[in-house]
Structure formats: C-alpha cells, structure tokens
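This report refers to the structure that appears directly beneath it.
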Amino acid sequence: MPQAKPLRSTTTGALKGAIRVPGDKSISHRSLMLGAVAVGETVIHGLLEGEDVLHTAAAMRLLGAEAERESNAAGAGVWRVRGVGLGALREPAQVLDMGNSGTAARLLIGLVAAHPITCVFTGDDSLNKRPMARVTKPLEEMGARFVGRSGGRLPLTVVGSDQLVPITYRLPVASAQVKSAIILAGLNTAGATTVIEAEPTRDHTELMLRHFGATVTTERLEDGALAVTVIGQPELTGRTIHVPADPSSAAFPAVAALLRPGSELVLNDVGMNPRRTGLYDTLVEMGADIAFENRRDQAGEPVADLRVRHSRLKGVVVPADRAPSMIDEYPVLAAAAACAEGTTVMLGLKELRVKESDRLAMVAEGLTRCGVSVEVGADDSLTVHGTGKGPKGGATVATAMDHRIAMSFLVLGMASEQPVSVDDGAFIDTSFPGFVGLMNGLGAAIVEA
C-alpha cells in the first residue's frame, strides 16, 4: 500500500493553458483485455499508465499474453499486446492483484470465467471491500464457480469453464461493469448471450468488441430497455487503438477553470461518448462556458477539444436517469455546486455508496467540513446549497483511499476562502498520474501538507 501523502490546495489566480489529460481508464482496461484474447498484435496509443491499468497489464501477462511498452519518436508510450487468441488464456501461477480497480476486477472475472482455468483475484483494502456478487451471480448462472468471502468480496477464487451456457440477464441495477463482465464471459460461450439494461450505461465494451471483429447488437425492447447481445466464439483480430483523453479526468481541470475568475483552458482529445458526458451536460445547464471544438471520431469513439472559461454557475436539479453517464463525476460536480448560486439537487445516487468509498457520505461530510450546507436524502439524493462564491474551506478532508474524492476537494480548495487539505493523495495515481504537476503547471497551488 502506498504511504499516505497529505496534500493542500490554496486559492489561486486564473488557470491558463492547453493540456491533454491521461487516457480514458475504461477504454485502457478493455484494450488490454481484448488485445490479450485477440489473434495477432494490438497496438495501443495513449494508454492510461496509471496504477489501475498497470495492474491490468500485469494480469494479462500472467494469463499468457505479452503486453509491453515502447516509446514513439515523441517519447510517448505505445503499448504492444500480442494476444493468445480467444479461449487460450492460461492458468496464472500466482494471484491476480487488481489494485484499486473495480472495473479491472469485474471485467476480468467475466473474461476468465469462460476459460477452463482457476484464478485467484485480490486487491487493495478498498477494492476488497467492494461487492462482487453482482458479477458472480449471473456468471454462476452461466456455469462458472466461485469461492470467496461473503458478498463475493475479494479475495475470490474463480473456477472457470469453456462449457458455459449463454443466458439472457436483466440487470437489477445500471452497471456497465456487470454488463461487460457478462458480455466478456459470453465471448467464449457458444450461442448468443444477452444483457438487458433499463438505463443505458457505458458502451465501450460493445464498441471495442466490434472494432476487434465480434458481432455485438443492441436492440430497444418494447418497454424501452436495451438488449445487448454478443455472439460467442468469434475470432478477434489485433487492432490499433487510439485511447482518447479520459472525460472523467478532464472534469477536474474543467471545473477548476470554471471556478477561477479569468481562467481559460483547452482540454485536447477528450472522449465525448454520449454515455459519458452527463457531467458536461449538467455544467452547461448550470451556465458553464464550455465549447466543444474539433469534434471527430477515433477508433469508433467520438472525441472533441474542450475550451473552458470561468463562469458564474447556478444550481440545477440533476435527474436520476443521468447518473449512469456521470457516476464518477458527482464528487467534482458537488465541488462546483458548492460554489454555484442557489441549490443543486442530485437524484438517484445509490451507486455512489459502493464505489471506491461510500462517495455519497464522503462528499457530504467533506463539504460540511468546508462550510457548505448539504443534505443527504433517504432516497440517496444529495442537496448542495451553493455559496455563490467559494466556501469557507479550512478543513482537512478524509479520502478513504478514493482518488476522485481527493481530486475533487483539491479542486474545491482552489476556490475556497481558506486552503483545503486531503489526508491522502497517494491514490490519485490510480487514475490520473501527474495530476498535481499538471494542475500546478496551469496555475494551481497544490503542495504536500
């Protein structure tokens, strides 16, 4: 476990510059996993080289694939994955440590479940508290077996099989991770495996599978739900992938620029998948000056350059059906809401309680400590009464090993009357390596506390 690294963020002047935040974490995980079960070589440009993704790369090596980093002429990392082919993952000789990543753990559990191998998964203290039964339940219906702690929590032994049966499974909660785990298990399962989701969730798995040559269809049912079907046992062929900048990571400098007078930032190559842009839709509704420039596609994923200027934000009501498209961005939205004029109400936040931490409780507690009036509803809503300026601040906020909590309150510190500290920023590297240096290069003042 990394040593704790307390950080303090202080009010600054305007933020200026043009940057590219690290690559999309969701797409990075999937590119390594699918490259490992494809035939031939997959070349990945812009892979997020944070700790979460590096754990996935290490796991794919233990499962028999090659995954190595090279540098191009500009010094940027280029990853080459030489796959073993679908169904040919080997049994690892040691435990697969997924670090802090629920995405990596749940997706890879699905992928290996359809192979005749036994794997043991573990993670850090935070990941080992997160529920995995939502994944293991449908995979057990397909024929995989699991041995682990109550709730399916890690450490977890997966006893896979290449004789799984296809299922049709309706998701009880909106979750791209559960959907993807079932689809990845269906890859090496004869027949058609279908996942039905009442609310659209991230579709990176579907888009990337099509890019690799799989047949994946999406059909809208009479009740409005979406049925996603994968036809099993395709031959996946290695591909070139350009990973866009992560919209979840871009959210932090974007919100910081909105809150600091005189600021103007350009965030290049940001992924604009419509199932990931709920935060930006919400910020625009709040009055944010965000221009989406140079829209284009990269390997099936829409991207754009974002020009963000300081804005006076106003409170809004964020509907529950927007949650799947911005589930990771509520903490930084709460920071923006704390500085907005009026009240912001965020509905349908139940999933925040089972992220890297209980993010709903952590955000509410942190905002309260910084002098912001908030209420958490019995319906898992969060109401933030904006100050119309920066809040008082002057607090040290607990992060519970959650990278997004840490970054969100460091952003809030840039707009607060007094500095805001976080008790541990070490875990920021799981998703946003170089965050402090990048923000300080734009004009922020984040230092070790």
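We did not get these values from a lab; they are worked out from the coordinates using the rules stated. Please read these numbers as outputs of a predicted model, since none were measured by experiment. With ideal geometry, Cβ positions are generated from the backbone for all residues, glycine too; neighbour counts draw on all protein chains shown.
Arrange the peptides 391-399, 313-321 so that the one whose residues have, on average, the most other Cβ atoms within 10 Å appears first. Before the final figure, lay out the partial values.
Numbers: 391-399: 20.9, 313-321: 17.9.
For the peptides 391-399, 313-321, the packing ranking is 391-399, 313-321.
Please state the relative contact order of the stretch 305-431 as a whole percent: Cα pairs under 8 Å, 6+ residues apart?
Working: 262 pairs, mean separation 30.5, N = 127.
Taking the mean separation of contacting Cα pairs over the length of the stretch 305-431, I get 24 percent.
Counting other beta carbons within 10 Å of each residue's own, what order do MET272, MET407 fall into, fewest first? Spell out each step's value before the answer.
Details: MET272 20, MET407 33.
Listed from fewest to most nearby Cβ atoms, that is MET272, MET407.
Hey, fewest Cβ within 10 Å first, where do ASP379, ASP289 land in order? Let's see the in-between values first.
Details: ASP379 10, ASP289 15.
Sorted ascending by nearby Cβ count, the order is ASP379, ASP289.
Please list, or write none, the lysines whose alpha carbon is within less than 22 Å of the alpha carbon of LYS389, excluding same-chain residues fewer than 8 places away.
Hits, sequence-local ones excluded: LYS16, LYS314.
Among 238-248, 208-218, what's the highest-first ranking by average C-beta atoms within 10 angstrom per residue?
Working: 238-248: 22.7, 208-218: 18.1.
So the order, starting with the most tightly packed, is 238-248, 208-218.
Tell me, Kirkwood radius of the chain from alpha-carbon pair distances, in Å?
So the Kirkwood estimate lands at 22.0 Å.
Exposure proxy check: TYR280, TYR169 ranked by fewest other beta carbons within 10 Å? All intermediate terms of the calculation are to be shown ahead of the outcome.
Values: TYR280 24, TYR169 20.
In increasing order of surrounding Cβ atoms, one gets TYR169, TYR280.
Going Cα to Cα from LYS129, which lysines come in below 23 Å? Please leave out same-chain ones fewer than 8 positions away.
LYS5, LYS25, LYS137, LYS179, LYS350, LYS355
Would you mind getting me the FRET efficiency between ASP297 and ALA58? Use the beta-carbon distance for r and R0 = 25 Å, nearest 0.05. Mind showing how you got there, number by number?
Working: r = 31 Å, r/R0 = 1.24.
Efficiency for this residue pair is about 0.20.
Would you please give the residues with an amide H less than 5 Å from that of VAL397, counting only those at least 5 places away or on a separate chain, with H modeled from the backbone geometry?
SER421, VAL422, ASP423
How many angstrom lie between the C-alpha centres of the stretch 170-243 and the stretch 14-88?
Using only Cα atoms, the two centres lie 21 Å from each other.
Any idea which of GLY148, PHE212, SER161 is furthest toward the positive side of the dipole for the stretch 148-251, if Lys and Arg beta-carbons carry +1 and Asp and Glu beta-carbons -1?
Projecting each Cα onto the dipole axis, the largest value belongs to GLY148.
What's the Cα-based Rg to Rh of the stretch 25-242, Rh via Kirkwood? If you can, show how the numbers build up before the last one.
Values: Rg = 16.1 Å, Rh = 17.0 Å.
Here Rg/Rh amounts to 0.95.
Return the FRET efficiency for the residue pair THR215, ALA361: r is the Cβ-Cβ distance, R0 is 51 Å, and the value is rounded to the nearest 0.05. Let's see the in-between values first.
Details: r = 42 Å, r/R0 = 0.83.
The pair THR215/ALA361 has a calculated efficiency of 0.75.
Using just the alpha carbons, could you tell me how many Å³ per residue the convex hull of the stretch 276-428 encloses? Working shown, then result.
On the way: hull volume 17.1 nm³, N = 153.
Taking only Cα atoms, the stretch 276-428 has a hull volume of 112 Å³ per residue.
If you split all Cα-Cα distances of the stretch 1-120 into 10 Å bins from zero, what percentages do you get per bin, shortest first?
12, 39, 28, 14, 6, 1
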